[in-house]
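Here the structure is laid out as structure tokens; the discussion comes afterwards.
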Amino acid sequence: MPKLFKGIALFTPGGDVIYCIDPSKQGQWHLNLCTALQDILGLAEPPHFLIPGYTATVDRWFDVNTQQYKTVAEIYPAVQRYQPLLNAIFETGDLVWQSASWQEQSCNPGIIETYRSQFPQLWESHDLIVGFEEKDRLSQANFEFARQELTNCPPGEDPRSYVLRLFVSGNSAATKQTLRSIHQLLEEGLRHPYTLKVIDISKYPEQAENNQVSAIPTLVRVWPQPVRRIVGELGDVQRVLQILATR
């Protein structure tokens with residue numbers, strides 16, 4: 001993670017998130033994230049109505065007066081409950097995000113609700129966490145695998161692709177640490193396109209049963225087959241990567 005960066009996350013009402021990390025701090029990413037979300041979920045048009053009510057932003061800079069790095073993070077009320085996930089994505093520790101000012105015209109829940117019939121995919125929970133990369137203007141491989149996961153299809157013949165499911169329980173300190181660890185591990189160690197679904201078994205116990213999960217945390221490699229499970233501590237990077245890479 002760069003010491004100086006701007007981060008933006010866009011959520012859906014169903015809880016999916018797409019985000020970007022911009023070390024240059026010059027990009028205006030909100031519209032790009034809407035377009036990417038359109039591609040992933042197959043929407044008729046970009047869901048611009050999610051801005052700004054379903055967004056969160058973080059800015060880290062160096063204060064020349066105090067000679068210290070400072071971080072300011074702002075989040076809208078509709079997505080405040082996702083602060084632990086955002087801290088894991090942006091590696092901001094236990095940062096407390098400031099609540100953004102309410103904007104009646106663009107953040108009113110009643111107004112947002114009027115879009116449900118036109119964009120039902122946004123109200124469905126796909127457990128998607130997708131990073132937007134400027135270098136290729138959309139990581140087409142990652143988005144393609146995300147689409148395939150949504151339709152329960154294996155990701156083709158590409159041997160580099162991974163479909164993973166992480167099973168956790170609740171919003172405990174242990175869950176926060178697991179999210180941080182797995183995000184860092186996959187971003188720095190896997191070096192292949194992947195789709196990660198985070199599943200809270202306290203909310204979706206049937207998912208644990210369907211995936212034969214009896215303890216948490218459990219990381220399941222759905223693709224490539226055969227299916228492999230890593231149960232318990234995920235901090236041993238080399239062990240986790242070795243199991244994931246075993247065909």
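The values are calculated or read from the model by the stated rules, or taken from the named source; none is laboratory data. This structure is a prediction, so every number in the text was calculated from the model and none was measured. Please note: Cβ atoms are built from the backbone with ideal geometry, for glycine as well, and neighbour counts cover all protein chains shown. Ligands, DNA and RNA are stripped out before the accessible areas are found, and what is left, the full protein with its side chains, is counted by its heavy atoms. Shrake-Rupley method; radii C 1.70, N 1.55, O 1.52, S 1.80 Å.
For this structure, a couple of remarks:
- Hits in the stretch 205-218 - residues which are over 16 Å from LEU85 (Cβ atoms) and within 18 Å of the chain's Cα centre (by Cα): THR218
- Hits in the stretch 199-240 (condition: assigned to a strand (DSSP E or B), of a type in the set (A, V, I, L, M, F, W, C) and open to solvent by less than 30 Å² (accessible area, probe 1.4 Å)): ILE199, LEU219, VAL220, ILE230
- Candidates in the stretch 34-48 are the residues that are under 12 Å from LEU122 (Cα atoms) and surrounded by 19 or more Cβ atoms within 10 Å (Cβ to Cβ); of these, the one that is farthest from the chain's Cα centre (by Cα) is PRO47.
- Residues (assigned to a loop (DSSP other than H, G, I, E, B) and out of contact with any Leu (no Cβ under 8 Å at 6 or more places or on another chain)) located in the stretch 34-62: GLY42, ALA44, GLU45, PRO52, GLY53
- Close pairs (7 angstrom Cβ cut-off, 6 or more residues apart or separate chains): more than 24 Å from PRO13 (Cα to Cα) in the stretch 56-68, in a strand (DSSP E or B) and open to solvent by 100 Å² or more (accessible area, probe 1.4 Å) anywhere: ARG60/TYR69; PHE62/TYR69
- Residue check, ASP59 at pLDDT 90 or above, charged (D, E, K, R), assigned by the TED database to the domain that holds ASP127 and under 24 Å from GLU113 (Cβ atoms): no
- Test: residue in the stretch 37-47 that is at pLDDT 90 or above and of a type outside the set (Asp, Glu): yes
- Pair list, Cβ under 9 Å, 6 or more apart: the stretch 198-225 residue in the same structural domain as ILE89 (by the TED database), other residue at pLDDT below 80 and buried (at least 20 other Cβ atoms within 10 Å of the Cβ): none
- Within the stretch 27-40, the set of residues being among the hydrophobic types (A, V, I, L, M, F, W, C) and in contact with a Phe, Trp or Tyr (Cβ under 8 Å, 6 or more places away or on another chain) comprises TRP29, LEU33, ALA36, ILE40.
- Note on the stretch 63-173: enclosed strands (runs of 3 or more DSSP E) holding 3 or more residues that are modelled with pLDDT under 90 and surrounded by 14 or more Cβ atoms within 10 Å (Cβ to Cβ) are 129-132, 162-168.
- Residue match in the stretch 22-33 (condition: part of a strand (DSSP E or B), modelled with pLDDT under 90, surrounded by 11 or more Cβ atoms within 10 Å (Cβ to Cβ) and under 18 Å from the mean Cα position of the chain (by Cα)): yes
- Some residue of the stretch 24-33 being touching a strand residue (DSSP E or B) at 6+ places or on another chain (Cβ under 7 Å) and either outside the structural domain of GLU124 (by the TED database) or without any contact (Cβ under 8 Å) to a residue 40 or more places away in the chain (or both): yes
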